[in-house]
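The values are calculated or read from the model by the stated rules, or taken from the named source; none is laboratory data. None of the values given here were measured: they were computed from a predicted structure. All Cβ positions, glycine included, derive from the backbone under ideal geometry; neighbour counts span all protein chains shown. For accessibility, only protein heavy atoms count, side chains too; no ligands or nucleic acids. Shrake-Rupley method; radii C 1.70, N 1.55, O 1.52, S 1.80 Å.
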Amino acid sequence: RPVYLLGKFLPFLALNLIQAATMFAVGVVVLPWLGCPRLVLGDVAGLLVLTAAVSPVVVSFGLLMASVSRSHFTVGALTATLLVLMAITSGIMVPKYLLPKTMQTMSLFLPHGWALDGYQLVLVRGAGLVDVLPQVGMLLAFAAAFFLLAWNRMPWRPR
């Protein structure tokens, strides 16, 4: 189990971190070429640690979805549906302050809400590493929970 899951986890974690770096690079380098304001990264340490906490959540959630699905179609449909529902509920698609109180409370139980709060702190409010440690801690807790659920759900076959 450990070798199998780490063999899936580590490459996708690296790919996710490369994707995040690429997105930030587009904001800093490409957007000004298109006449848009340059992305101001703020506290780089806070941004790096926050992104390093978001990536394991993404990969662990993917492993969990793969562990509960029996086909590529099912995993794709299930994952897309859940991600859209979580994005709506957590304030990604609609600002959190416009959501009903129940949905604002629900966002505390979703990694999207914690990631959004962390990125807003660093990128919008100029917060630093210490300020995003609660978000980082919750994201790592989500990553561990998703990973452990995937670990228990994987259909292990003896050799």
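Brief remarks follow.
- Filtered by the rule that a residue be part of a helix (DSSP H, G or I) and open to solvent by 60 Å² or more (accessible area, probe 1.4 Å), the stretch 1-20 gives PRO2, VAL3, TYR4, LEU6, LYS8, LEU10, PRO11, PHE12, LEU15, LEU17, ILE18, GLN19.
- When the stretch 103-132 is filtered for residues that are over 16 Å from VAL49 (Cα atoms) and either surrounded by fewer than 18 Cβ atoms within 10 Å (Cβ to Cβ) or among the hydroxyl-bearing types (Ser, Thr, Tyr) (or both), the ones remaining, listed by number, are MET103, GLN104, THR105, MET106, SER107, LEU108, PHE109, VAL124, ARG125.
- Any hit, the stretch 22-30, residues being open to solvent by 50 Å² or more (accessible area, probe 1.4 Å), at pLDDT below 90 and not hydrophobic (A, V, I, L, M, F, W, C): no
- Residue pairs meeting the criteria (Cβ under 6 Å; at least 6 apart or on separate chains; first free of Cβ contacts under 8 Å to residues at least 60 places away in the same chain, in the stretch 110-135; second among the β-branched types (Val, Ile, Thr) and open to solvent by 60 Å² or more (accessible area, probe 1.4 Å)): HIS112/ILE92; LEU116/ILE92
- Every test in (1) open to solvent by less than 60 Å² (accessible area, probe 1.4 Å); (2) closer than 25 Å to GLN135 by Cβ is passed by ILE92 save one, and that test is (1).
- Residue under evaluation THR81, criteria (1) crowded, with 16+ Cβ neighbours inside 10 Å; (2) without any contact (Cβ under 8 Å) to a residue 60 or more places away in the chain, criterion not met: (1)
- Selected residue (criterion: nearest to PHE142 (Cα to Cα)) from residues of the stretch 31-41 that are surrounded by 12 or more Cβ atoms within 10 Å (Cβ to Cβ) and not charged (D, E, K, R): LEU41
- Condition broken by ALA145, with the remaining ones in (1) touching a Pro at 6+ places or on another chain (Cβ under 9 Å); (2) open to solvent by 40 Å² or more (accessible area, probe 1.4 Å) satisfied: (1)
- Restricting attention to the stretch 42-77, the residues being of a type outside the set (Val, Ile, Thr), modelled with pLDDT of 90 or more and either part of a loop (DSSP other than H, G, I, E, B) or open to solvent by 60 Å² or more (accessible area, probe 1.4 Å) (or both) number 2.
- Test: residue in the stretch 90-107 that is out of contact with any strand residue (DSSP E or B) (no Cβ under 7 Å at 6 or more places or on another chain) and closer than 19 Å to MET23 by Cα: yes
- Residues that are aliphatic (A, V, I, L, M), closer than 14 Å to ALA115 by Cα and in contact (Cβ under 8 Å) with a residue 40 or more places away in the chain, drawn from the stretch 20-51: LEU47, VAL49, LEU50
- Residue check, LEU140 touching a Leu at 6+ places or on another chain (Cβ under 8 Å) and either in contact (Cβ under 8 Å) with a residue 24 or more places away in the chain or open to solvent by 50 Å² or more (accessible area, probe 1.4 Å) (or both): no
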